[in-house]
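Have a look at the structure that comes next, please.
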Amino acid sequence: MNTIKEFDTGDTDQNSNTVRKLVFKENGWRFEIVPAPELESNGIPIIIESVLVPSETLDVGFWVGHNANSTNARYAGWGPLADLFTYQTTDLFPLGHEMGLSAILSVIACSIVQPIQNLGPATHVGVVGEGLLSEMSNKYLENRVTLHQPTTSDSLDLLIDTTGEPTCWNNALPKLRGEGTLLLFVPPWSKPATFNFYPQLHRNSLRVEAKRWHLPQPALDTSLSAIMSPVISAIEQEGKWIRPLILESNSRENGVWYWIDWK
């Protein structure tokens, strides 16, 4: 269970046992000062520096920050929008000296691309969905494979779903050839669903892989950061799926992720 620790963030009184929290109200985003729960003894207190908030969430996001007791120990992770939180080491992505939005995007990109690489070679690939995750997948794949709009039946070696929406899967599965692979990226905001994969899997000998991209994976290949650097730069420059989070603004566009630097 993640908990918040009392700590002086510069904007709060250290003796008041409070932390800053980013909240969304009817009149827009703002910071609030809230009571700080007690620190868990076996966790690492992380001072949050920057956070990227998907439009699908209101109280959690992907952040970068450092250990409250060591500025050299830097991490990224998924969690509540408080400026200091306690995490278990198993919930953290270790970082070098990367900062801000680029560091967040680099971690997400590596978490997306590594499962695609691990599946092995594929010639004809389709990506279902739109938004940041599908953009990363498409930009990584566009110069490596033949990308298709997933509309033609029985034609794809690999189909990547970035929506986590079971309503998409009935239409997606027939696009795969026999012995093709469906890669599901399960977003943290998805809800439990009942979906019977068996008829399609059995009939066409399909393979299904599900990955929770927001959680640390064993032996994450951080060398992918160099490969994904041009992709990240392009996404940042285009600004289609990432926008600055403006305090007191209540604008939220579907599929857009909002970034704010707390320092």
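Quick note: the coordinates plus some simple rules give every number you see, no bench work behind them. Since this is a predicted model, take the numbers as computed values, not measurements. Please note: Cβ atoms are built from the backbone with ideal geometry, for glycine as well, and neighbour counts cover all protein chains shown.
May I ask which of Lys211/Lys263; Lys25/Lys139; Lys139/Lys263; Lys191/Lys263; Lys191/Lys240; Lys139/Lys211 have a Cα-Cα span longer than 28 Å here?
The pairs that break the limit, which is 28 Å between Cα atoms, are Lys211/Lys263; Lys25/Lys139; Lys139/Lys263; Lys191/Lys263.
Another question, if that's okay. Give me the mean projected area, in nm² to one decimal, of the convex hull enclosing the Cα positions of segment 183-245.
Over all viewing directions, segment 183-245 projects a mean Cα-hull area of 7.3 nm².
Along its principal axes, what span do the Cα atoms of segment 110-211 show, with the longest given first and each in whole Å?
33, 30, 23
Where both residues lie in the chain, what percent of DSSP beta bridges are antiparallel, nearest 5?
Rounded to the nearest five, the antiparallel share is 65 percent.
Here is a follow-up. What FRET efficiency comes out for the pair Val23/His148, r = Cβ-Cβ distance, R0 = 41 Å, nearest 0.05?
E between Val23 and His148, to the nearest 0.05, is 0.45.
Calculate, for Tyr198 and Thr89, the FRET efficiency according to 1/(1 + (r/R0)^6) with r their C-beta to C-beta distance and R0 41 Å; round to the nearest 0.05.
0.65
Given a 10 angstrom Cα cut-off, can you work out which residue in Leu141, Leu119, Leu132 is the most mobile in a GNM of the chain?
It is Leu119.
OK, next. Tally Lys/Arg at +1 and Asp/Glu at -1 over every other residue whose Cβ is under 14 Å from the Cβ of Val256; what's the total?
That sum, taken over residues with Cβ under 14 Å, equals -3.
Further question: Evaluate the distance, in nm, between pseudo-label points positioned 7 Å from the Cα of Ile246 and of Glu130 along their respective Cα→Cβ axes.
2.2 nm
If you don't mind, another one. Would you mind calculating the relative contact order of segment 110-211 from Cα pairs under 8 angstrom and at least 6 residues apart, reporting the percent as a whole number?
Relative CO of segment 110-211 lands at 25 percent.
For the chain, count all C-alpha to C-alpha pairs, find those more than 32 Å apart, and express that count as a whole percent of the total.
Beyond 32 Å sits 28 percent of the P(r) for the chain.
Which order do the peptides 240-252, 90-102 take when ranked by the mean count of other beta-carbon atoms within 10 Å per residue, highest first?
90-102, 240-252
Say each of Asp221 and Glu253 gets a label point 7 Å from the Cα, pointing the same way as Cα to Cβ; how far apart are those two points in nm?
Result for the modelled spin labels: 3.3 nm.
Say we join alpha carbon atoms closer than 10 Å with springs in a Gaussian network model of the chain; which of Ala219, Ala73, Ala36 then has the biggest fluctuation?
Ala219
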